[in-house]
Structure formats: structure tokens, C-alpha cells
Amino acid sequence: MTITADQPIGIFDSGVGGLSVLRPIQALFPNEQLLYFADQAHVPYGSRSLAEIRRYSEEITRFLLSEGAKIVVVACNTASAAALNTLRKTLPQVHFVGMEPAVKPAALETRSGKVGVLATENTFSSPRYAQLMSRFAQDVEVIENPCRGLVPLIESGYVAATDTEALLRKVLDPMLASGVDTLVLGCTHYPFVRPLIERIIEENATGARVTIIDPAPAVARQMGRVLTRQQLLAPAGQRGSVRLFTSARSQSLADLSEQLLGKRLAVEEVIWRNNRLTSA
Ligand code: DGL
């Protein structure tokens, strides 16, 4: 089947994290129609098995294609690390854009030679991450933290709560004390706690100036390059839109869309049944 430029862009994540990628996509390409799938029935992906993440990612991709997606953005570092290679092999006709922790720009940016990376356990243990480290982080010290428990807090909307702040202080204080001056947000959920991260850095006794790297705008630009190359950018007169899907309760994602995007969006429920997704 031929793909046409007026078809929507598919984006997915384990939950609301990928909305931090949807934001720059929407800002840079305002006349694109966006489909966003949050697999909230299975969040967090960070501690699930590779086989599970691959199975979910493939089925979500098929769902987005069935809704007309012309490209699929894997707006999740964990799913990209676990599944992008197999997705490309299994569905070679599909245009994919994935993501990875921004170790390369961080290694170029750091002056102290110490970089902090926040990502999930699965991302850290992936061969993709190991490759990144050996290619780009030979001359820098990388301090990693999987921020256990942070994704569920963000999924519950606790982006400014005391518990979230306490968790982040535990993660960031030792990093700052050891001289980290560049911090990579290697999980798409984390940009939603960026204000909290900035405050903790500001209040830190070391007075360190820290550059925070969120790769989402670069992912949006990369998607734009792929669409341009394929002549699939939306026609100039097209009206942009967003359709949100969740594999859990629509109410909770609608609430979170309001909180995280500043605009309450309608949400469609999709159900996992025998490893397949079907509209509710
Ligand atoms: N947002 C995802 C990422 O970028 C994963 C969060 C999770 O489900 O553990 O890695």
C-alpha cells in the first residue's frame, strides 16, 4: 500500500513519557496529525523482559499502522533499546525513528569530564547503550542512575510532589558532589520533572552549573528529516491534530494530558486481548 503525506504520524511509549517527544513534534510540525499510544497497561517497561517489550512494541506498531501511521516514532529509550532492531527487521517497509540517551552530545559538552545519565535499568543493560558508551564515552566518566520508582510517580502525576523531590535529591546530590556538569535525560518521562531537577541543581551546595540534555527536540528534527527525504511531510494547508490512545483507563491519561501538556485531550481506550490490541 502506498503511503501518502496526509497520513498521521504514530508515536508510542510505555506511558506518558513520549508526550515529551510529542511536544517538540507538534511545535516543529504544527500541521501534522499525530497518533499517540501510551501502553499504560504495561508501564513501566524499564524492568520488563526484552521479549515482552519487543512483543508490545511490535503490536503497538501494527496498531498505529492500522490507524494509518506513515511513520512510527518510538518515543521511549527503553523500547528503542530493546525493540528497534527487531522492529526494523520484522517490518522493513515501515519508517521508524527511535531514540537513545544523548551520551554523544553530553561527552562533547562536559567541561568537568563527568556526565550523569538518568535512564531505566533496561536501557543501561542494553547492547545499544554499551555501544554508545564505547563509541562516545571513552574519555569521560559516566555516572548512571536508573531512578527506581520515578516513572510510576510521573505516571501518577506526581511531578512536583515531595516524594518525587526526595527521590531526585537522592539521585542528584551524589552526582553533583562528584562534579557532574552535564546531565542526560535518558528516559522520556524525565523531562516532566525537569523543573524539579533544575531546582535541586540550583539549591545544591556545590553551586555547580549543569547542562541538562533532553534529546526530544533532536528526535523531532530527525523525524522531520526522514519525512522530508521520503516526501511525506504533511501538506502545508493541513490542520494539525492529536489523537491519544491508552491501553488503560482513558480518564487517567486525559487528566495527565491536561497536567503535562496544558490542554485536556480526548482519549480512546484500546484493550490488550490475547497479546493483540483491539479498540474498546
Ligand atoms: N519512557 C521510557 C523511556 O524513555 C520508559 C519508562 C518505563 O516504562 O520504564 O525509557
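Values as computed for the structure displayed
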| quantity | calculated |
| --- | --- |
| Positive minus negative residues near P101 (Lys, Arg vs Asp, Glu; Cβ under 10 Å) | 0 |
| Assigned charges on the beta-carbon of Lys, Arg, Asp, Glu; the chain dipole about Cα centre (debye) | 740 |
| For segment 74-196, Kirkwood radius (reciprocal of mean inverse C-alpha pair distance, Å) | 15.3 |
| ³J(HN,Hα) computed for each position of segment 33-41 - Karplus, 6.51 cos²θ - 1.76 cosθ + 1.60, integer Hz, glycine/proline x | 9, 10, 10, 10, 10, 10, 7, 5, 5 |
| Spin-label model distance (nm) - R88 vs Y158, 7 Å beyond Cα toward Cβ | 3.8 |
| Solvent-accessible surface ranking, highest first, for T162, T78 at 1.4 angstrom | T162, T78 |
| Net dipole in debye of segment 121-240 [+1 Lys, Arg Cβ; -1 Asp, Glu Cβ; about Cα centre; nearest 20] | 700 |
| Kirkwood Rh (inverse of mean 1/r, distinct Cα pairs), segment 111-151, angstrom | 11.0 |
| Over the chain: Rg over Rh, Cα atoms, Kirkwood Rh | 0.96 |
| Heavy-atom accessible surface of the chain: percent carbon and sulfur, 1.4 Å | 49 |
| 1.4 Å probe accessible area per residue over the chain, in Å² | 45 |
| Positive-end residue of V184, N204, A79, charge dipole of the chain with Cβ unit charges | A79 |
| Charged-residue dipole, Cβ positions (Lys, Arg, Asp, Glu), segment 74-148 about Cα centre, Debye nearest 20 | 200 |
| Dipole of segment 123-280 [Lys/Arg +1, Asp/Glu -1 at C-beta], most positive-end residue of Y129, N274, I213 | N274 |
| Per residue, the convex hull volume that the Cα atoms of segment 116-183 enclose (Å³) | 88 |
| Translational diffusion coefficient (Stokes-Einstein; Kirkwood radius from C-alpha pairs) of segment 1-117 at 20 °C, 1.002 mPa s, in µm²/s | 142 |
| Exposed trypsin sites (Lys or Arg not before Pro) absent - longest run of the chain, DSSP non-H/G/I/E/B, at most 16 other C-beta within 10 Å | 1-110 |
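The values are calculated or read from the model by the stated rules, or taken from the named source; none is laboratory data. The model shown is predicted, which means the values in this text are computed figures rather than measured ones. Don't worry about glycine lacking a Cβ; one is built from the backbone with ideal geometry, like all the others, and counts go over all protein chains shown. What goes into the accessible areas is simple: the full protein's heavy atoms, side chains included, and nothing from ligands, DNA or RNA. Shrake-Rupley method; radii C 1.70, N 1.55, O 1.52, S 1.80 Å.
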